[in-house]
1. Please verify whether the range 148-161 includes one or more residues that are over 23 Å from residue 182 (Cα atoms) and under 17 Å from the mean Cα position of the chain (by Cα).
2. Could you check, for the range 124-131, whether at least one of its residues is touching a Leu at 6+ places or on another chain (Cβ under 9 Å), surrounded by 15 or more Cβ atoms within 10 Å (Cβ to Cβ) and in the same structural domain as residue 210 (by TED's automatic domain parsing)?
3. Assuming residue 205 fulfils every condition listed in (1) within 24 Å of residue 92 (Cα to Cα); (2) out of contact with any helix residue (DSSP H, G or I) (no Cβ under 6 Å at 6 or more places or on another chain); (3) surrounded by 19 or more Cβ atoms within 10 Å (Cβ to Cβ) apart from one, which condition is it?
4. Determine whether the range 27-36 contains at least one residue that is over 20 Å from the mean Cα position of the chain (by Cα) and either outside any loop (DSSP other than H, G, I, E, B) or closer than 21 Å to residue 230 by Cβ (or both).
5. Which is out of contact with any Pro (no Cβ under 9 Å at 6 or more places or on another chain), among the acidic types (Asp, Glu) and surrounded by 20 or more Cβ atoms within 10 Å (Cβ to Cβ), of 168, 197, 221, 191?
6. Among the residues of the range 33-55, are any among the polar types (S, T, N, Q), buried (at least 21 other Cβ atoms within 10 Å of the Cβ) and closer than 27 Å to residue 211 by Cα?
7. Which residue is farthest from residue 25 (Cα to Cα), if the candidates are limited to the range 226-274 and must be part of a helix (DSSP H, G or I) and acidic (Asp, Glu)?
8. Please determine whether any residue of the range 190-201 is hydroxyl-bearing (Ser, Thr, Tyr), at pLDDT 95 or above and either within 14 Å of the chain's Cα centre (by Cα) or on the phi > 0 side of the Ramachandran plot (or both).
Amino acid sequence: MGIVLGIDIGGSITKIVGFQGNKKFISAVQVRAEDPVTSAYGAFGKFLKVNQLNIKDIEKICLTGVGSSHIEDDIFHIKTCRINEFKAIGVGGLALSEKEEAIVISMGTGTAFIRASKHSNIHLGGSGVGGGTVVGLCSRLANVSSFETITELASVGDLSKVDLRISDISAVSVGSLPSHATASNFGKLKDNATSADLTLGVLNMTFQTIGMMAVFATRNDTIKDVVLTGTLATMPQTRGIFNVLEELYGLRFIIPENAIYATAIGAALAGFRD
């Protein structure tokens with residue numbers, strides 16, 4: 001069997017991965033374009049160039065993501081299939097984490113929660129809080145809109161100028177919550193808060209919101225492994241914020257290698273099965 005490609009056409013970024021017929025991973029690349037058709041074909045061309053391949057080397061293309069509905073025909077007359085995005089998220093998350101079952105969270109423009117196992121991928125729900133939230137708020141509050149700049153600014157931010165903590169309003173811990181836990185995101189916004197402080201505040205609010213939704217998703221379930229995927233999962237601040245939630249609620253948050261490409265990987269692997 002030839003090479004199988006998985007293409008995740010998102011709201012702003014398209015990711016593409018390739019596997020040999022024996023499911024050996026080749027590489028992953030991404031492109032940014034507003035038009036989904038342009039983005040998909042651009043990603044395809046870039047993948048071929050980076051890996052020094054020809055069109056005839058590709059046997060199958062598996063599309064997923066919100067933009068995949070805009071591509072109705074086969075790409076360059078190569079067999080092209082469409083994989084349900086929630087299935088792709090679940091399959092990709094389990095493959096990267098090497099888990100048999102987990103709650104897989106795709107942190108893209110918005111956020112999706114999938115209960116994934118070898119036999120099913122159930123969409124538990126989602127949230128409009130995600131990467132789009134981070135970019136939108138940071139653009140307005142700090143005049144920055146690239147993830148690279150947001151990450152750099154947030155690394156020197158001070159949350160004490162933005163968030164209200166339990167220690168700010170209580171002399172003792174509240175229930176099982178420690179004094180350093182957040183009582184209110186942006187509830188202590190200082191006049192002298194800098195762009196770095198605001199940027200860190202946006203990331204903290206976004207990750208805490210997604211993390212708490214994961215806690216609720218596992219509350220009545222035996223699954224305690226949560227796999228984080230998508231662009232936000234790769235930011236340096238992610239691990240530290242989710243570590244706190246691990247300690248508080250006994251979950252295990254996993255950020256696998258190539259987390260940003262999880263959905264594209266899931267599409268390709270699902271294409272092998274189908």
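The values are calculated or read from the model by the stated rules, or taken from the named source; none is laboratory data. Treat the numbers as computed from the prediction; the structure is a model and nothing was measured. Quick reminder, even Gly has a Cβ in these numbers, built from the backbone with ideal geometry, and neighbours come from all protein chains shown.
1. yes
2. yes
3. Unmet for residue 205, out of (1) within 24 Å of residue 92 (Cα to Cα); (2) out of contact with any helix residue (DSSP H, G or I) (no Cβ under 6 Å at 6 or more places or on another chain); (3) surrounded by 19 or more Cβ atoms within 10 Å (Cβ to Cβ): (1).
4. no
5. Within the list 168, 197, 221, 191, the selection yields 197.
6. Among the residues of the range 33-55, not one is among the polar types (S, T, N, Q), buried (at least 21 other Cβ atoms within 10 Å of the Cβ) and closer than 27 Å to residue 211 by Cα, which makes the answer no.
7. Checking each candidate, the answer is 247.
8. No, that holds for no residue.
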